[in-house]
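Down below is the structure, laid out as structure tokens.
The values are calculated or read from the model by the stated rules, or taken from the named source; none is laboratory data. As the structure is a prediction and not an experimental result, all values here were calculated from the model. Cβ coordinates were reconstructed from backbone atoms using ideal geometry, including for glycine residues, and neighbour counts include every protein chain displayed.
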Amino acid sequence: MKPDGKSRTREENIMKKQHHMFIIIAGLMLVLVAGFVVGRHPKLVTQATDHILTVSPAEAAPNASEFSPTKPLPEFDVYYPGTEELQPDEMRIVACGTGMPSVRPKQAAACFLVELGNGDKFLFDIGSGSHERISALKIPYDYLDKVFIGHLHVDHYGDLPSFWLGGTVMNRLTPLRIWGPSGEKAEYGTQYAMDRMQEMYAWDLATRSGFIDFRGGALEVHEFDYKGVNDVIYDENGVVIRSIPAVHGIDGAVSFILEWNGMKFVYGSDTAPNKWYLEHSKGADIAIHECFLPSVLLVTKQFFAPIEALRVGSIAHTSPEQFGKVMSLVKPRMAIGYHFYNDFDTQPEVMDRLRKTYDGPVSLAVDYMVWNVTKDDIRVRMAAADEEIWPSPALKEKQPPEGTSDAFSEFINSGFEAFPEVLNPIWDEINKIYGTDHKPELK
Ligand SMILES: [Zn+2]
Ligand SMILES: [Zn+2]
């Protein structure tokens with residue numbers, strides 16, 4: 001019976017059944033979609049819980065009228081590199097390496113990219129394996145000309161040679177600028193490392209000239225005092241970067257503080273809890289600090305001896321409980337922990353332990369995690385990376401390649417098979433298309 005006491009007609013019953021069916025199907029679809037999202041991005045759900053829970057159901061749900069069987073979804077909770085305009089007041093941070101010195105497919109070693117609404121971009125550390133992630137962001141290499149190295153462990157600058165020399169064939173024509181700390185001795189400083197890096201790649205460098213416009217192979221090194229406390233090491237275009245000492249390895253490790261547009265980004269690189277980080281990171285919008293695997297997991301998962309696990313996990317590095325303590329004093333808008341193998345079984349343990357000492361917003365970073373930061377909001381997503389990456393065009397007009405490399409010896413020269421009947425058509429093809437008359441010679 002209907003509420004007004006009249007019985008339903010057959011059509012009304014069919015419509016009612018159809019309506020119920022629709023609700024059931026829609027419900028099932030919602031469960032499936034929700035299951036897919038949770039299954040696809042478990043980290044978003046667990047790692048950015050604080051942010052997600054502050055959004056009301058009305059804010060969270062897209063308007064049903066925006067859905068269509070033929071149009072794209074109205075909203076993607078994913079960052080597709082190269083598809084979003086950064087707003088003038090916005091900061092975007094992308095994790096390009098969050099793991100350990102021994103890199104693995106899921107996690108490269110330390111590297112965070114900071115992009116600002118004024119167009120400036122900064123790389124903080126460039127650890128082993130991170131170049132691959134950087135390239136996946138599809139940013140022209142000329143825009144990626146500023147690298148800040150926190151210390152000279154391989155997991156914090158191991159991909160610099162690849163980025164530096166590989167970048168020259170990805171159309172970088174601007175010198176690469178490097179900032180890094182001095183050491184207690186000259187040979188522990190960044191300048192020494194950069195000089196030796198260029199010596200180490202002497203053969204590579206000798207082969208490059210004469211083939212391509214190699215202006216992007218120039219290095220500009222800025223070494224600063226590792227003992228500087230909140231000293232300005234960079235001040236351009238409204239962006240100020242300071243360094244503070246870090247407690248890690250031996251003397252010569254530092255952390256960085258970037259300030260722009262009233263926002264503060266702190267990158268700890270590697271450090272044990274220390275007074276400088278506590279004092280100068282206070283109230284940061286984003287505070288990144290290492291958060292190592294609990295010592296017990298270093299024994300059971302990484303097969304360290306107990307004494308190794310304690311030394312590495314609580315003295316050389318920062319345990320989750322220590323990370324939480326630091327963040328409870330710094331009180332950032334978003335704390336970011338990194339530098340451990342972040343998996344389905346390790347992450348809950350790390351989270352439980354840091355929650356003993358910290359109850360504020362936190363992300364446990366994995367590679368390709370993205371934070372969009374404004375004064376009002378911090379949005380946390382994962383980036384979807386393509387595998388088939390090609391370079392962007394050069395941002396400057398290319399100049400003809402200068403000079404030649406060390407010429408081949410007569411011995412090697414005598415071994416070259418020119419095959420003119422093969423080479424000439426290749427040259428003719430290019431010269432015909434581009435109106436040129438190039439006849440490259442073996443050097
Ligand atoms: Zn280190
Ligand atoms: Zn490290």
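Taking into account only those residues within the range 335-345 that are buried (at least 18 other Cβ atoms within 10 Å of the Cβ) and either among the aliphatic types (A, V, I, L, M) or more than 18 Å from Ala272 (Cα to Cα) (or both), which is farthest from ligand 2 (Cβ to nearest atom)?
Step by step, filter the range 335-345, then rank; the result is Ala335.
Tally time: how many residues in the range 289-342 are within 14 Å of ligand 1 (Cβ to nearest atom), within 22 Å of the chain's Cα centre (by Cα) and not acidic (Asp, Glu)?
8
Spot the failing condition for Lys138; the list is (1) at negative phi; (2) touching a Ser or Thr at 6+ places or on another chain (Cβ under 8 Å), and only one is missed.
The single condition Lys138 does not satisfy is (1).
Among the residues that make up the range 299-317, is at least one of them small (Gly, Ala, Ser) and in contact with a strand residue (DSSP E or B) (Cβ under 9 Å, 6 or more places away or on another chain)?
No, the range 299-317 contains no residue that is small (Gly, Ala, Ser) and in contact with a strand residue (DSSP E or B) (Cβ under 9 Å, 6 or more places away or on another chain).
Which one of Val254, Val240 is within 16 Å of ligand 2 (Cβ to nearest atom) and farther than 19 Å from Leu354 by Cβ?
Answer to the selection: Val254.
Please go through the range 117-156 and pick out each residue that is more than 15 Å from ligand 1 (Cβ to nearest atom), touching a Gly at 6+ places or on another chain (Cβ under 9 Å), under 21 Å from His289 (Cβ atoms) and of a type in the set (A, V, I, L, M).
Hit for the range 117-156 is Val147, nothing else.
Could you pull out the residue among Glu199, Glu223 that is of a type in the set (D, E, K, R), in contact with a helix residue (DSSP H, G or I) (Cβ under 6 Å, 6 or more places away or on another chain) and more than 16 Å from ligand 1 (Cβ to nearest atom)?
When all the criteria are applied, what remains is Glu223.
May I ask you to list the residues in the range 164-212 that are of a type in the set (Val, Ile, Thr), modelled with pLDDT under 95 and part of a loop (DSSP other than H, G, I, E, B)?
Matches in the range 164-212: Val169, Ile212.
Which residue pairs have Cβ atoms closer than 7 Å, lie 6 or more positions apart in sequence or on different chains, and pair a first residue in the range 234-261 that is under 19 Å from Asp120 (Cα atoms) with a second residue that is within 14 Å of ligand 2 (Cβ to nearest atom) and among the hydrophobic types (A, V, I, L, M, F, W, C)?
Ser243/Val254; Phe256/Phe124
I need a count of the residues in the range 237-264 that are under 24 Å from Ser319 (Cβ atoms) and among the aromatic types (Phe, Trp, Tyr).
1
Starting from the range 310-334, keep only residues that are under 18 Å from Gln347 (Cα atoms) and away from ligand 2 (no atom under 15 Å from the Cβ), then list their pairs with residues that are of a type in the set (A, V, I, L, M, F, W, C) and assigned to a loop (DSSP other than H, G, I, E, B) whose Cβ atoms are within a distance under 8 Å, requiring at least 6 positions of separation or different chains.
That search, which allows pairs on different chains as well, returns Pro320/Cys291; Pro320/Phe292; Gln322/Ala272.
Would you point out which residue out of Glu402, Glu397, Glu410, Glu321 is among the acidic types (Asp, Glu) and either in contact with a Lys or Arg (Cβ under 6 Å, 6 or more places away or on another chain) or modelled with pLDDT of 95 or more (or both)?
Glu321 is the lone residue from the list that is among the acidic types (Asp, Glu) and either in contact with a Lys or Arg (Cβ under 6 Å, 6 or more places away or on another chain) or modelled with pLDDT of 95 or more (or both).
Give me the residue from the range 248-274 that is within 11 Å of ligand 1 (Cβ to nearest atom) and among the polar types (S, T, N, Q) and, out of that set, farthest from the chain's Cα centre (by Cα).
Thr271
Please give the number of the condition Ala316 fails out of (1) of a type in the set (A, V, I, L, M, F, W, C); (2) under 22 Å from Trp276 (Cβ atoms); (3) in contact with a helix residue (DSSP H, G or I) (Cβ under 9 Å, 6 or more places away or on another chain).
(3)
List, please: which pairs have Cβ atoms under 6 Å, are six or more places apart or on different chains, and start with a residue in the range 64-84 that is closer than 20 Å to Val370 by Cα and end with one that is of a type in the set (Lys, Arg) and part of a loop (DSSP other than H, G, I, E, B)?
Pro81/Lys138; Gly82/Lys138
Please enumerate the residues belonging to the range 92-110 that are buried (at least 22 other Cβ atoms within 10 Å of the Cβ) and within 16 Å of ligand 2 (Cβ to nearest atom).
Ala95, Cys96, Gly97, Thr98, Gly99, Gln107, Ala108, Ala109, Ala110
Filter the strands (runs of 3 or more DSSP E) completely within the range 235-327 down to those with at least 3 residues that are of a type outside the set (S, T, N, Q) and surrounded by fewer than 24 Cβ atoms within 10 Å (Cβ to Cβ).
239-245, 254-260
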